[in-house]
Structures are given as C-alpha cells and as structure tokens.
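Undergrad: Please see the structure below; I have some questions.
Each reported figure results from applying straightforward, stated rules to the coordinates on display, with no laboratory input. Bear in mind the structure is a predicted one, so any value in this text is a computation, not a measurement. All Cβ positions, even for glycine, are placed from backbone atoms using ideal geometry, and neighbour counts span all protein chains on display.
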Amino acid sequence: MAIILPDLPYAYDALEPHIDAETMTLHHDKHHATYVANANAALEKHPEIGEDLVALLSNVENIPADIRQALINNGGGHLNHALFWELLSPDKTEVPAELAAEIATTFGSFDDFQAAFTTAATTRFGSGWAFLVVNKEGKLEIVSTANQDTPIMNGLTPILALDVWEHAYYLNYRNVRPNYIKAFFEIINWNKVNELYQAAK
C-alpha cells in the first residue's frame with residue numbers, strides 16, 4: 001500500500017480570485033504529486049519501517065540514514081500539502097467561539113494573531129511554511145519551518161498551515177508574498193482548523 005495523492009476537496013478554480021486555477025493545478029498535480037512519488041521511492045528501500053509518515057517523522061532519528069532526508073523533504077512535503085488543501089475553503093467560515101477565545105487569550109486578539117502569523121510567513125527566508133500549532137502543553141503557538149520540514153518533527157501538532165514556497169503564489173502574486181498571505185486569510189476553513197484543534201489540545 002503506497003502513499004496516495006489525495007484529491008482536492010474542491011474544484012481547481014474554486015478558490016479564485018484568491019488562488020488561481022493554474023496555480024492550484026500545478027501545485028497539486030505536479031508539486032504535491034512529486035513529493036508523493038519521491039516519498040514512496042524512499043519507503044520502498046526500507047519496507048520494514050512501514051508507511052506511517054506521522055510516526056516516522058515524529059522520530060526522525062529512527063529513520064534509516066540513507067532515506068532520512070528524503071523522507072523529511074518528501075514525506076514532510078506530502079503531509080504539509082495534504083493538510084494545506086483541507087484548510088482552504090471557497091466558502092467563508094467563521095472562527096468557532098472556543099478557538100476564537102483561545103486565540104485571543106494566547107495572542108491578545110484575532111488581529112494580533114493574524115499580524116503575528118503574517119510576520120512568520122513573510123519573514124520565512126526562502127522556501128518554507130508558517131503554522132499555527134498546538135504544543136506539548138496543549139497551547140497555541142506560531143512557528144515557521146524551512147523547506148518541507150513539518151512541526152511534527154518537534155512534537156508539535158499543526159492545525160493551520162500556509163505554504164510560502166514561491167510555487168504556491170508566484171503566478172498570481174509574483175514577488176509580493178504579503179498579498180498572498182492576506183488572501184489566504186479570506187479562504188481559511190476555520191471549521192477544519194477547529195476540528196484539528198479539538199483533537200490536539
């Protein structure tokens with residue numbers, strides 16, 4: 001049983017004008033598909049370790065050395081993207097009350113949270129991700145990671161993720177990453193974020 005590229009939960013053009021159909025097609029069908037193929041190729045070299053990427057990347061030191069970086073890059077890339085697609089919605093959603101209260105308690109207000117998340121995403125040098133995570137104490141935290149590194153490797157549970165690799169936004173936003181980040185906040189599926197929060201806290 002190999003890792004499978006998940007279908008998008010909406011049409012390629014469903015997120016327009018915030019994310020265009022061409023970007024979604026290339027991002028999902030080419031970039032994400034490549035991470036899946038490369039992760040499977042790495043796993044085939046060591047069938048004894050299984051295919052549970054969450055378990056494997058939670059203990060990267062236990063991954064065989066010859067495929068460790070390949071799984072960090074491609075297994076992480078698959079997990080990050082599979083999460084990212086689910087966190088986007090063509091339908092406007094509101095932040096559920098309990099999560100909204102926790103965001104306000106942790107960051108001061110929703111606006112303060114959005115500003116802090118935007119800073120994390122904007123200042124991630126080169127390629128990477130910004131995440132809202134639940135930490136080991138069950139509290140919210142904003143982190144950013146390089147490349148396709150997943151917060152799972154640090155014992156953190158991601159509940160909101162933003163891809164800031166240029167392939168995620170360059171066709172539409174060119175080099176103006178902050179405009180892409182602003183658009184992202186218009187299409188977040190807060191119901192999914194809350195579902196992940198409730199499971200992780």
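Undergrad: What share of Cα pairs, in percent, lie more than 20 angstrom apart in region 97-200? Display every interim value, and only then the final one.
TA: Numbers: 1947 of 5356 pairs.
In whole percent, the share of Cα-Cα pairs in region 97-200 beyond 20 Å is 36.
Undergrad: Report D for region 60-104 in µm² per second (integer): Stokes-Einstein, Kirkwood Rh on Cα pairs, 37 °C, 0.692 mPa s.
TA: Values: Rh = 13.4 Å.
In µm²/s, the coefficient is 244.
Undergrad: Shifting gears a bit: How much length would be gained if the chain were fully extended between T123 and A11, taking 0.36 nm per residue of separation minus their Cα-Cα distance, in nm to one decimal?
TA: Full-extension gain reported as 37.3 nm.
Undergrad: Say the dipole of region 97-200 comes from +1 at the beta carbon of Lys and Arg and -1 at that of Asp and Glu; which of I142, I152, S127 then lies farthest toward its positive end?
TA: Of the options given, the answer is S127.
Undergrad: Using bins 10 angstrom wide from zero, how does P(r) for region 21-86 break down, in % of all Cα pairs?
TA: 22, 52, 21, 5
Undergrad: Can you tell which of I3, A199, A161 lies farthest toward the positive end of the dipole of the chain, using +1 and -1 charges on the Cβ of basic and acidic side chains (Lys, Arg; Asp, Glu)?
TA: Result: A161, furthest along the dipole toward the positive end.
Undergrad: Please label the shape of the chain as rounded, prolate or oblate, based on the square roots a ≥ b ≥ c of the eigenvalues of the alpha-carbon gyration tensor (a/c under 1.5 means rounded; beyond that, a/b larger than b/c means prolate, else oblate). Numbers along the way, then the final one.
TA: Values: a/c = 1.76, a/b = 1.27, b/c = 1.38.
Oblate, because a/c is 1.5 or more while a/b does not exceed b/c.
Undergrad: Rounded to the nearest 500, what is the 222 nm mean residue ellipticity of the chain from helices alone, with -39500 (n - 2.57) per DSSP H run of 4+ residues and division by all residues? If you can, show how the numbers build up before the last one.
TA: Details: 10 runs with 87 residues, N = 201.
Result for the chain, helices only: -12000 deg cm²/dmol.
Undergrad: While we're looking at this one, here's another question. Suppose every K and R has +1 on its Cβ and every D and E has -1 on its Cβ; what is the size of the dipole of the chain about the Cα centre, in Debye to the nearest 20?
TA: Details: 12 positive and 26 negative charges, 91 e Å.
For this selection, approximately 440 debye.
Undergrad: Which distance in nm do the two modelled labels at E94 and H31 give, with both placed 7 Å along the Cα-to-Cβ direction?
TA: Here the answer is 3.3 nm between the modelled labels.
Undergrad: Give the angle, between 0 and 90 degrees and rounded to the nearest 10, that separates the Cα long axis of helix 190-200 from the longest principal axis of the Cα atoms of the chain.
TA: Tilt relative to the chain: about 60 degrees.
Undergrad: Using Cα pairs under 8 angstrom and six or more residues apart, how large is the relative contact order of the chain, in percent?
TA: Details: 297 pairs, mean separation 49.7, N = 201.
About 25 percent, as a whole number.
Undergrad: Output the pairs from K30/K92; K45/K139; K139/K182; K30/K136 with a Cα-Cα distance over 31 Å in this structure; if there are none, say none. Don't skip to the answer; put the middle values down first.
TA: Numbers: K30/K92 27 Å; K45/K139 38 Å; K139/K182 25 Å; K30/K136 34 Å.
The pairs that break the limit, which is 31 Å between Cα atoms, are K45/K139; K30/K136.
Undergrad: Within a Cβ distance under 15 Å of A55, other residues only, what is the Lys/Arg minus Asp/Glu net charge? Walk me through the numbers before you get to the answer.
TA: Working: positive: R68; negative: E48, E51, D52, E61.
My count for the surroundings of A55 gives -3.
Undergrad: Mind giving me the nanometre distance, one decimal, between the label points for E48 and A21, set 7 Å out from Cα along Cα→Cβ?
TA: In this crude spin-label approximation the distance works out to 5.0 nm.
Undergrad: What distance in nm lies between label points placed 7 Å from Cα along the C-beta direction at A116 and K139?
TA: Rounded to a tenth, the inter-label distance reads 1.0 nm.
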